[in-house]
Amino acid sequence: MNTIGELSHPRVGVKLLDRDHDHLSEILDEIQFRAAAGLGGARTAAMVRGLAQHMRLHFALEEGMMTTTRYPGANIHHLQHRLLIDQVNMLAAQRGRNALERNAELLNFLTASHSSHIAHADMDYGLWLQTTKPCLVDAACAAKTGD
C-alpha cells in the first residue's frame, strides 16, 4: 500500500483524468489493505462493486474525451478498458468468507494492471492531447485564445 502522498502512477497532465486516477487508486489501495488485514466482509465486497462502477464511469468519460478529440489510439484503449473491467468484475464476483484473501493474486493483478494502464496507455493519451490540443488541458491557454 502507498503511503500518504505517494502515487502508484504518474500524472497524465489532464486534471480531470488525474483526479479520477487518484480516486480509483485510493479505492484499490483501501481494498488491498482490508483484504490483507482479513477485513474482507460485506463492506469490502461493496467497495469492490463501487470500484467497478467508478471504473465504468471513468472509462466512459475517458473514451468520450478520446472520441471528441479524435485520438487515433481510441479503439485499442477501449479494448484495454474492457480488460480492466473484466478483471474488476471477476473480483466482484468472488463470494464467500475470505473471498478477497483467497483471491489476493487477482486483486494484485488488477492493481498492477490499473497502474500500468495509467503509466502507459493513459500517459500516451495525455501526451498526445497536450501536444495536439494544448488548450483543452490548459485553462489559461483556452482563456487567451477564446477556445
Can you give the net charge of the other residues whose Cβ lies under 14 Å from the Cβ of GLY40, counting K and R as +1 and D and E as -1? +4
For the chain, take the longest principal axis of its alpha carbons; what is the angle in degrees between that and the long axis of helix 15-36, to the nearest 10 within 0 to 90? 10
Whole-percent carbon and sulfur share, accessible surface of the range 1-92, 1.4 Å: 61
Suppose all protein chains stay in the model; what accessible area per residue would a 1.4 Å probe give for the range 26-147, in Å²? 55
Could you state the angle between the C-alpha long axis of helix 104-117 and the longest principal axis of the C-alpha atoms of the chain, as a value from 0 to 90 degrees rounded to the nearest 10? 0
Counting Lys and Arg as +1 and Asp and Glu as -1 over every other residue whose Cβ sits under 11 Å from the Cβ of HIS21, the net charge comes to -3
Over the Cα atoms of the chain, how large are the radius of gyration and the largest Cα-Cα distance (Dmax), in Å? 16.8, 58
Helix 74-92: inclination vs the chain longest Cα principal axis, degrees, rounded to 10, gives 20
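The values are calculated or read from the model by the stated rules, or taken from the named source; none is laboratory data. All figures in this text were calculated on a predicted structure; none of them were measured in a lab. Every residue, glycine among them, receives a Cβ derived from its backbone with ideal geometry; neighbour counts consider all protein chains shown. With ligands, DNA and RNA removed, areas are computed over all heavy atoms of the protein, side chains included. Shrake-Rupley method; radii C 1.70, N 1.55, O 1.52, S 1.80 Å.
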